[in-house]
Amino acid sequence: MGYQLSFTQIWANFDKLSGGLLLSLELALISIAIGALIGLVLAIWYVSAGRIGRTLISAYVEFIRNVPLLLLVYLVFYGLPTAVNIAYSAPVSFVATLSLYAGAYLVEVFRSGLDAVPKGLMDAGKAMGLTPWQRLIYVRLPTMTRITLPALSNTFISLFKDTSIASVIAVPELTYGAQWINNKTFRIVEVYAVTTVLYVVTGYVILFGLRLLERRFRVER
Amino acid sequence: MSATSLLQIDKLNKSFGENQVLTSVDLNVVAGEVVTIIGPSGSGKTTLLRCVNFLETYDGGSIQIDGREVGFTDSVSRKRRGEADLAGMRAETGMVFQSFNLFPHLTAEQNIMLGLRRVRKKPHKEAREIAQHWLARVGLDHKADSLPSELSGGQQQRVGIARAVAMDPKVLLLDEITSALDPELVNEVLDVVRQLAVEGMTMLVVTHEIAFARDASHRIVFMADGSGRE
Ligand SMILES: Nc1ncnc2c1ncn2[C@@H]1O[C@H](COP(=O)(O)OP(=O)(O)OP(=O)(O)O)[C@@H](O)[C@H]1O
Ligand SMILES: [Mg+2]
């Protein structure tokens, strides 16, 4: 006799998964928003900065990119409060971590986007008498946004999936909900199958939305 | 001579590293004059135009528009103007590019309105009226809401011209504005320039269209080895 599939207990506890998914989306959305802000500000700073500014930004990017996300989550949740004696909740800690993580990746995305804005467009902006800030706001950023949308979509999907790591510090997001149900019901196959479907479908919906946006804003050069 | 010159270039020197591109270039353009620059590839024609609106800095000599030193506060101290000052000064010249360089995210009308709104500080309604006026002048009033990607090369370049002249510049700089166009589209663009010439727009034109240079301009300057000869 093999393992008998039964989903009844999964549906009975489905609120853990649906609630978890909502929290995952929330964590991802907030982290992406903060990360995008960090990334944008640092990218703009980078392209106009001198040696020192560039070194600092590169150090941040390289540090984050070379530390596993799981370890970063532990560092910020367990390490930091111990070291500097402050306290914060697990969700706040995770959002802070994922924002810093997203920021490091998005600096690179935005920086290459800013560099990819055709020089002729910047010349046209200069020639008509726009100031450096006006050129940034009316020419460079809108063009960059269109260039970076495909790369942004990929980063956003990755970050959504990365929220599952929050389960290690007991943030009740989707993966944590799945673990909770598994511990209670031992329906390991069913619960992880359903959870996988939820991740895949949600990821696909996000991607679909972003692709629509891309098509709307495609760069014509 | 200098008193009546709108654009006055004296002993202009410019090099890129070891490569001396402009050597002691002198050129005077009076108001309403159309001067065409011709010369072999690499002789510094583009560089000269780009110095006039300070897209390139220059190493020596002086450029004045309407008696004001371009780029530097004066030709003696050669102190670079501040960014806001430079922007205001560049607004006095219009430039049309070989590769059009229209802003891809803005419609034809918005391309023209950007400078009117943000540099000339015109209210939206007035900027729109000026943009529509110039679109009509270049025969594109029906394309106001088209993105550059929806326009042919010739149409894009006419928007490029409209964008430059709508700012009411003192001097218009045209750098091989038909070189990127299919031959059958060249004339629709040159016709616009001819009309501007007739109306007294001061222009400095780089072109390979010798026929155009002969019939539309008052003077042809030949550039070779980084210096100009009439
Ligand atoms: N940004 C730059 N950096 C270094 N060298 C440059 C730069 N721009 C132009 N040059 C050099 O300056 C010289 C003159 O170039 P310029 O583009 O002004 O020539 P041109 O007369 O416009 O030529 P063409 O007819 O091919 O357009 C060339 O040798 C070119 O390689
Ligand atoms: Mg050239």
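The values are calculated or read from the model by the stated rules, or taken from the named source; none is laboratory data. Keep in mind that what you see is a predicted model, and the values were worked out from it rather than measured. Note that each Cβ is placed from the backbone with ideal geometry, even for glycine, and that neighbours are counted across all protein chains shown. Only protein heavy atoms, including side chains, enter the accessible area calculation; ligands, DNA and RNA are left aside. Shrake-Rupley method; radii C 1.70, N 1.55, O 1.52, S 1.80 Å.
Whenever a residue of the range A:50-70 is of a type in the set (D, E, K, R), its partners that are outside any loop (DSSP other than H, G, I, E, B), lying with C-beta atoms within less than 7 angstrom and at least six residues away or across chains, give the pairs A:54/A:46; A:65/A:104. In the set (1) outside any strand (DSSP E or B); (2) open to solvent by 30 Å² or more (accessible area, probe 1.4 Å), residue B:114 fails one condition alone, (2).
To keep it simple, each residue is scored yes or no on (1) small (Gly, Ala, Ser); (2) under 30 Å from residue A:143 (Cβ atoms).
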residue	(1), (2)
A:162	no, yes
A:170	yes, no
A:182	no, no
A:191	no, no
A:201	no, no
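Scanning the range B:90-111 for residues that are more than 17 Å from the chain's Cα centre (by Cα) and either more than 9 Å from every other protein chain (Cβ to nearest Cβ) or part of a helix (DSSP H, G or I) (or both) yields a total of 4.
I'm trying to understand the selection: among the residues of the range A:157-189, which are basic (Lys, Arg) and not in a helix (DSSP H, G or I)?
A:187
Answer yes if at least one residue in the range A:138-156 is modelled with pLDDT under 95, β-branched (Val, Ile, Thr), in a helix (DSSP H, G or I) and open to solvent by 50 Å² or more (accessible area, probe 1.4 Å), and no otherwise. Yes: the range A:138-156 contains one or more residues that are modelled with pLDDT under 95, β-branched (Val, Ile, Thr), in a helix (DSSP H, G or I) and open to solvent by 50 Å² or more (accessible area, probe 1.4 Å). From the residues in the range B:34-72 that are within 14 Å of another protein chain (Cβ to nearest Cβ), open to solvent by 30 Å² or more (accessible area, probe 1.4 Å) and within 16 Å of ligand 2 (Cβ to nearest atom), which one is nearest to residue B:177 (Cα to Cα)? By that ranking, first place goes to B:46. Any residue that is free of Cβ contacts under 8 Å to residues at least 40 places away in the same chain, more than 16 Å from ligand 1 (Cβ to nearest atom), under 30 Å from residue B:144 (Cβ atoms) and not hydroxyl-bearing (Ser, Thr, Tyr) - is there at least one of those in the range B:58-76? Within the range B:58-76, not a single residue is free of Cβ contacts under 8 Å to residues at least 40 places away in the same chain, more than 16 Å from ligand 1 (Cβ to nearest atom), under 30 Å from residue B:144 (Cβ atoms) and not hydroxyl-bearing (Ser, Thr, Tyr). Within the range B:83-105, if we keep just the residues that are in contact (Cβ under 8 Å) with a residue 60 or more places away in the chain and more than 16 Å from ligand 2 (Cβ to nearest atom), the residue that is most open to solvent (accessible area, probe 1.4 Å) turns out to be B:92.
Being assigned to a helix (DSSP H, G or I), charged (D, E, K, R) and touching a Gly at 6+ places or on another chain (Cβ under 7 Å) is true of residue A:135. Within the range B:12-30, the set of residues being away from ligand 1 (no atom under 14 Å from the Cβ) and over 21 Å from the mean Cα position of the chain (by Cα) comprises just one member, B:24.
Output the residues belonging to the range A:169-221 that are away from chain B (no Cβ under 14 Å), within 30 Å of residue B:156 (Cα to Cα) and either basic (Lys, Arg) or open to solvent by less than 70 Å² (accessible area, probe 1.4 Å) (or both).
Within the range A:169-221, A:210, A:211 qualify.
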